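The values are calculated or read from the model by the stated rules, or taken from the named source; none is laboratory data. As the structure is a prediction and not an experimental result, all values here were calculated from the model. Cβ atoms come from the backbone with ideal geometry, glycine included; neighbour counts cover every protein chain shown. Please note that ligands, DNA and RNA were not included when accessible areas were found on the heavy atoms of the full protein model with its side chains. Shrake-Rupley method; radii C 1.70, N 1.55, O 1.52, S 1.80 Å.
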Amino acid sequence: MTINYLAFAIPAFFIFVFIEYKVAQQRKKDEIFKYESSVANFSVGIAERLLNLFIAASFYQAYQWVYDNYALFQISNSWYMWLLLLLATDFVWYWYHRLGHEINFLWAAHIVHHQSEEFNFTAAARITTIQAIFRNVFWCVLPLVGFHPNMIITILLAHGAYSFFTHTQLIGKLGWLENVLITPSLHGVHHASDEKYLDKNYGDVFVFWDKIFGTFQREEEPPKYGLTHPIKSYSFLWQHFHYYLEIAEAYKRAEGAKGKWNALFGSPALMDQNIRSILEERYFQKKEQKRGESKFKTYLNIQLVIVVAALTGTTMFYQYLSEMDKWAVLIFVLLTLINIGALLEQRIWIYYLEAFRLIFLFAFFFYSFQIFEWVIFPIVLLVVFERIFSIKTRYNKYMLSI
């Protein structure tokens, strides 16, 4: 049996986060980590990794198709060409990244990465599948030039691994290296919401591009991390889709073709900031919530462990799973991540989501054993238990601070 060894990157990620957390504690820098933010960061990363399993092969296929049909050159795999590819990859990343901050519909995908007000390894996980699709479209330039897809995939793995380690506050300035590489200090500037730090340091590995194109900025005052207008929400769904709703609202309000064009392709800096507060009111995101109550943390942590285990196992044995199994895991994990966000937000409708998730598990179990017609019995039993034991009341008493 052949397994996907990339699955081991998942526990490795959590090991590095744990090490960073323990070092932060040892240095008396507990403020670097906040439970709610870390869990929200994990949730975004888990969803992206799982969803990407369904489309990752298409990225390679796209590179291969461009390479086979439109490659301008046939570039060899000599060692110096690997260096050239690394530079080219980072150059393409710079422009994808910069445009991701300057064009509304690209920023809608990238904004999720900047929502965390803590800057640590967990923030590196805040990548959405939509963002992954956009940046792979940009990277199709590489096979177009003539780099072989196998070379591209290898460099992208190294490129992504390097950027993970730039998301930490525990490594200070690195002297002369800051003239060559994007360091944690320089990337921290990019994640800052301070006016002097906005739209700076777009490079992922090298600083050359920022210096050439005038977007380089050294860290001076300690940065304040996150968005200039924080969303103040740990909701899995709201974090992913709030900016798309803002674009839709701006488009609806815009007058004339130019106004509607700007709503889609204009600068996020020109977005009407009143729109977000209106949408927060409309979608019940403005209500102050009590978060982080210790009484449900154990339950939440168990759910997090379950989805991480599901992600690791699915990644490792993805090619051996049936389509039904793959989709069942995906739906269950996404429901659980929405559940986790709702717990952090203390949403009163969480009980109904829990009941739906349980019914979904029953349905999958009975379908797998070809007795789907019997699924009505556990559903009826669940309703009876609710009537007799008032499960909703008991659940809310334990889970919600109301």
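Using the Kirkwood radius over Cα pairs, work out the Stokes-Einstein diffusion coefficient for region 20-112 at 4 °C and 1.567 mPa s, in µm²/s as a whole number.
Working: Rh = 17.4 Å.
In µm²/s, the coefficient is 74.
In 5 Å bins starting at 0, how do the alpha-carbon pair distances of region 259-394 split up by percent?
Per 5 Å bin, starting at zero, the Cα-Cα P(r) for region 259-394 comes out as 2, 8, 12, 14, 15, 14, 12, 11, 7, 4, 2, 0 percent.
Give me a comma-separated list of calculated 3J(HN,Hα) values for region 361-373, in order, Karplus coefficients 6.51, -1.76, 1.60 applied at θ = phi - 60°, integers in Hz, x for any Gly or Pro.
Here the 3J(HN,Hα) series is 5, 4, 4, 5, 4, 5, 5, 4, 9, 6, 10, 4, 5 Hz.
Rounded to the nearest 10 degrees, what's the angle between the helix 297-316 long axis and the longest principal axis of the chain, both from Cα atoms, 0 to 90?
60 degrees
Working from the alpha-carbon coordinates of region 139-285, get Rg over Rh, Rh being the Kirkwood radius.
Details: Rg = 18.8 Å, Rh = 18.1 Å.
Expressed as Rg/Rh, it is 1.04.
Per q in 0.18, 0.23 1/Å, what log10 I(q)/I(0) does a Debye calculation on the alpha-carbon atoms of region 348-392 return?
For the requested q values the scattering log ratios are -0.55, -0.80.
First measure r as the distance between the Cβ atoms of Glu31 and Leu227, then evaluate 1/(1 + (r/R0)^6) with R0 = 22 Å and state the FRET efficiency to the nearest 0.05.
Working: r = 18 Å, r/R0 = 0.84.
Efficiency computed from Cβ-Cβ geometry: 0.75.
Rounded to whole Hz and in sequence order, give me ³J(HN,Hα) for region 141-148 from the Karplus expression 6.51 cos²θ - 1.76 cosθ + 1.60, θ = phi - 60°, writing x for Gly and Pro.
4, 5, x, 4, 5, x, 7, 5
Stretch Phe213-Phe18 to full length: gain in nm at 0.36 nm per residue minus the Cα-Cα span?
Details: separation 195, 0.36 × 195 = 70.20 nm, distance 3.70 nm.
Gain in length upon complete extension: 66.5 nm.
Return the whole-Å distance between the Cα centroid of region 30-68 and the Cα centroid of region 112-161.
What the calculation gives is 9 Å, centre to centre.
Once the Cα atoms of helix 9-26 and of the chain are each reduced to a long axis, what angle between those two axes, in degrees from 0 to 90 to the nearest 10, is obtained?
Computed tilt is about 90 degrees.
Can you give the local net charge around Ala192? Use residues other than it whose beta-carbon is closer than 10 angstrom to its beta-carbon, Lys and Arg +1, Asp and Glu -1. Could you put the intermediate results ahead of the total?
Numbers: positive: Lys196, Lys200, Lys224; negative: Asp194, Glu195, Glu219, Glu221.
Around Ala192, the surrounding residues sum to -1.
For the chain, find the longest principal axis of its Cα atoms and tell me its angle to the long axis of helix 256-265, 0 to 90°, nearest 10.
Computed tilt is about 90 degrees.
Which net charge results when you count Lys and Arg as +1 and Asp and Glu as -1 among the other residues whose beta-carbon is under 15 Å from that of Ala47?
+2
Is it possible to state the helix-based mean residue ellipticity at 222 nm for the chain, with each DSSP H run of 4+ residues giving -39500 (n - 2.57), the sum divided by total residues, to the nearest 500 deg cm²/dmol? What is it? All intermediate terms of the calculation are to be shown ahead of the outcome.
Numbers: 17 runs with 251 residues, N = 402.
When only DSSP H runs of four or more count, the value is -20500 deg cm²/dmol.
Per residue, how much accessible area does region 58-203 have with a 1.4 Å probe, in Å²? Don't jump to the answer; show the numbers that get you there.
Details: 5950 Å² over 146 residues.
Solvent-accessible surface per residue comes out at 41 Å².
Sequence gap of 8 or more, or different chains, plus Cα separation below 20 Å: how many lysine pairs satisfy both in region 94-241?
9
Taking the Cα centre of the chain as the origin and placing charges on Cβ (Lys, Arg +1; Asp, Glu -1), which of Gln370, Leu344, Val23 is farthest toward the positive end of the dipole?
Result: Leu344, furthest along the dipole toward the positive end.
Placing +1 at every Lys and Arg Cβ and -1 at every Asp and Glu Cβ, with all other atoms neutral, what dipole size does the chain have around its Cα centre, in debye to the nearest 20?
It comes to approximately 900 debye.
Please give the net charge around Gln217, taking every other residue with its beta carbon less than 12 angstrom from that of Gln217, where Lys and Arg add +1 and Asp and Glu add -1. Display every interim value, and only then the final one.
Numbers: positive: Lys196, Lys200, Lys211, Arg218; negative: Glu178, Asp194, Glu195, Asp199, Asp210, Glu219, Glu220, Glu221.
Cβ neighbours under 12 Å give a net charge of -4.
Rounding to the nearest 20 debye, state how big the charge dipole of region 274-402 is about its Cα centre with +1 on each Lys and Arg Cβ and -1 on each Asp and Glu Cβ. Let's see the in-between values first.
Values: 15 positive and 10 negative charges, 123 e Å.
So the magnitude is around 580 debye.
Taking all protein chains as present, what is the carbon and sulfur share of the accessible area of region 320-401, in % to the nearest whole number, probe 1.4 Å?
Values: 3730 of 4940 Å².
The C+S portion of the solvent-accessible surface of region 320-401 is 76 percent.
Set the Förster distance to 30 Å, then compute FRET efficiency between Phe372 and Phe317 from the Cβ-Cβ distance, nearest 0.05.
Numbers: r = 24 Å, r/R0 = 0.81.
E(calc), rounded to 0.05, equals 0.80.
Amide H of Phe206: which non-local residues (sequence gap of 5 or more, or other chain) have their own amide H closer than 5 Å, using H built in the peptide plane?
Ile182
Output ³J(HN,Hα) for region 167-176: one whole-Hz value per residue in order, computed from phi by the Karplus curve 6.51 cos²θ - 1.76 cosθ + 1.60 with θ = phi - 60°, and x for Gly and Pro.
Each residue's phi maps through the Karplus curve to give 9, 7, 9, 7, 10, x, 5, 10, x, 5 Hz.
Relative to the compact globular guide of 2.2 N^0.38 Å, what is the alpha carbon radius of gyration of the chain, as a ratio?
Its radius of gyration relative to the 2.2 N^0.38 Å reference: 1.07.
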